[in-house]
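Asks: I'd like to ask some things about the structure below.
The values are calculated or read from the model by the stated rules, or taken from the named source; none is laboratory data. From a predicted model like this one, the values you see are computed outputs, not experimental measurements. All Cβ positions, glycine included, derive from the backbone under ideal geometry; neighbour counts span all protein chains shown. Surface accessibility is based on the protein's heavy atoms, side chains included, excluding ligands, DNA and RNA. Shrake-Rupley method; radii C 1.70, N 1.55, O 1.52, S 1.80 Å.
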Amino acid sequence: MITEQDIRRLFASILGRIKNEDLRAKTVRAWVLACERGGWKSVADLEAMPFTLLTNTQGISFLEHTIAVTEGAYALAKAQEAAYRKMPYPVDYDRLLAGGLLHDVGKLLEFEPDGKGGCRKSRSGSCMRHPISGTAVAYEVGLPSEVLNVIACHAKEGDGRPQVVETVLIHQADFATFDPLVMMEKGTLIR
Ligand SMILES: [Fe+2]
């Protein structure tokens, strides 16, 4: 069983920057609930889980992706704050960090361990993509609507939809980590 303590340890550095204790606790709870529902039983399974089944991930795991996207979006916000004389749209860092850790939490339901050390699309995954299942899990633990917007609208489901600025930042960081891998596979990434 994957515990709250496991999740707190895996994401210690990011969780430590979430100031609101209730938000931090609910973020951890959503992860534990998604692991439970998706049948993820050990940290070792989680560590071996790829972040997508859509392209060759070159060994980048789901946990690594989650951290890279969250830190990428965080750095993008900080860079704007540092460069602009006046920031036109204030960034809520608690929302950005919680949203980053949770943006793909629905993948724990979309994929399942295949029993051979790999993973495959689950029945839930055939019925809905991770932005939908992730939003459902986050709603269940009582996360605020703005964090639900990050989860629900970070991918193509959110194209053209109203978004909080933290969703925009997570979306960009997400695709900055995904597109180069797709391009590598297609042979369009110049190296
Ligand atoms: Fe992602």
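Asks: Of all residues in the stretch 6-47, which are touching a residue at least 24 places away in the same chain (Cβ under 8 Å), surrounded by fewer than 16 Cβ atoms within 10 Å (Cβ to Cβ) and part of a loop (DSSP other than H, G, I, E, B)?
Replies: Scanning the stretch 6-47 gives 17, 19, 20, 39, 41, 42.
Asks: Let me ask something else. Counting only residues that are open to solvent by 60 Å² or more (accessible area, probe 1.4 Å) and in contact with a helix residue (DSSP H, G or I) (Cβ under 6 Å, 6 or more places away or on another chain), which one in the stretch 48-91 is farthest from the ligand (Cβ to nearest atom)?
Replies: So, considering only residues that are open to solvent by 60 Å² or more (accessible area, probe 1.4 Å) and in contact with a helix residue (DSSP H, G or I) (Cβ under 6 Å, 6 or more places away or on another chain), the one farthest from the ligand (Cβ to nearest atom) is 89.
Matching residues to (1) touching a helix residue (DSSP H, G or I) at 6+ places or on another chain (Cβ under 8 Å); (2) within 21 Å of residue 47 (Cα to Cα); (3) of a type outside the set (D, E, K, R):
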| site | (1), (2), (3) |
| --- | --- |
| 103 | yes, yes, yes |
| 121 | yes, yes, no |
| 154 | yes, no, yes |
| 163 | yes, no, yes |
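Asks: Hey, another quick one. Looking at the stretch 127-136, can you tell me whether even one residue there is within 14 Å of the ligand (Cβ to nearest atom), over 18 Å from the mean Cα position of the chain (by Cα) and in contact (Cβ under 8 Å) with a residue 40 or more places away in the chain?
Replies: no
Asks: Any residue that is in contact (Cβ under 8 Å) with a residue 24 or more places away in the chain and not aromatic (Phe, Trp, Tyr) - is there at least one of those in the stretch 78-86? Outline the logic, then answer.
Replies: Filtering the stretch 78-86 for residues in contact (Cβ under 8 Å) with a residue 24 or more places away in the chain gives none.
The answer is no; no qualifying residue exists.
Asks: Filter the stretch 179-191 down to the residues that are open to solvent by 70 Å² or more (accessible area, probe 1.4 Å) and not in a helix (DSSP H, G or I) and list them by number.
Replies: 188, 190, 191
Asks: Would you pick out the residues in the stretch 115-141 that are closer than 23 Å to residue 60 by Cβ and open to solvent by 40 Å² or more (accessible area, probe 1.4 Å)?
Replies: Answer for the stretch 115-141, where residues must be closer than 23 Å to residue 60 by Cβ and open to solvent by 40 Å² or more (accessible area, probe 1.4 Å): 115, 116, 117, 120, 121, 129.
Asks: Among 45, 22, 6, which is touching a Pro at 6+ places or on another chain (Cβ under 6 Å) and more than 16 Å from the ligand (Cβ to nearest atom)? Explain how you work it out, then say what you get.
Replies: Values: 22 fails: touching a Pro at 6+ places or on another chain (Cβ under 6 Å); 6 fails: touching a Pro at 6+ places or on another chain (Cβ under 6 Å).
So the residue among 45, 22, 6 that is touching a Pro at 6+ places or on another chain (Cβ under 6 Å) and more than 16 Å from the ligand (Cβ to nearest atom) is 45.
Asks: Can you confirm whether the stretch 169-178 contains a residue that is of a type outside the set (S, T, N, Q), open to solvent by 40 Å² or more (accessible area, probe 1.4 Å) and farther than 18 Å from residue 65 by Cβ?
Replies: No; the residues of the stretch 169-178 include none that is of a type outside the set (S, T, N, Q), open to solvent by 40 Å² or more (accessible area, probe 1.4 Å) and farther than 18 Å from residue 65 by Cβ.
Asks: Given the condition β-branched (Val, Ile, Thr), under 13 Å from the mean Cα position of the chain (by Cα) and modelled with pLDDT of 95 or more, answer yes or no: does some residue in the stretch 17-35 qualify? Steps first, please.
Replies: Keep residues of the stretch 17-35 that are β-branched (Val, Ile, Thr), which gives 18, 27-28, 32.
Pick out the ones that are also under 13 Å from the mean Cα position of the chain (by Cα) and you get 27-28.
From what is left, the residues that are modelled with pLDDT of 95 or more are 27-28.
Within the stretch 17-35 (the criterion being β-branched (Val, Ile, Thr), under 13 Å from the mean Cα position of the chain (by Cα) and modelled with pLDDT of 95 or more), the answer is yes, since at least one residue qualifies.
Asks: Examine the stretch 94-113 for a residue that is exposed (fewer than 13 other Cβ atoms within 10 Å of the Cβ) and over 17 Å from the mean Cα position of the chain (by Cα), and state whether such a residue exists.
Replies: no
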